[in-house]
């Protein structure tokens, strides 16, 4: 299990993204510990993205910039 920053760029809350039952409010970011299977399921949802908690601030800013203008219908693990 690994810690991830999970970004929800949609206008709807995402519920129970892992076994711990973490909810991610609309247009927000949360941290969660997830297995590979949970990460894969989360990233298959539209408008969802994940990145390692250990990412640098520069990487986090770059991801935030992309999410701000995101038009894609699929998620991505970064």
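Taking the number of Cβ atoms within 10 Å of each Cβ as an exposure proxy, the fewest-first ranking of 38, 62 is 62, 38. For the chain, the mean residue ellipticity at 222 nm estimated from helices alone is -7500 deg cm²/dmol, where every DSSP H run of n ≥ 4 contributes -39500 (n - 2.57) and the total is divided by all residues, rounded to the nearest 500. For region 2-77, the relative contact order works out to 34 percent when only alpha carbon pairs closer than 8 Å and six or more residues apart are counted. The calculated FRET efficiency for residue 61 paired with residue 31, based on their beta-carbon distance and R0 = 22 Å, is about 0.80. Cα-based radius of gyration for the chain, normalised by 2.2 N^0.38 Å, reads 0.98.
Counted by neighbouring Cβ atoms within 10 Å, the residues 34, 1, 51 run from fewest to most as 1, 51, 34. For the chain, set up a GNM with springs between Cα atoms under 10 Å and report which of 50, 32, 41 has the largest fluctuation. Result: 41 has the largest fluctuation of those listed.
FYI, it's all coordinate maths here, none of it is from the lab. Quantities reported herein were computed from a predicted structural model and do not represent experimental measurements. Cβ coordinates were reconstructed from backbone atoms using ideal geometry, including for glycine residues, and neighbour counts include every protein chain displayed.
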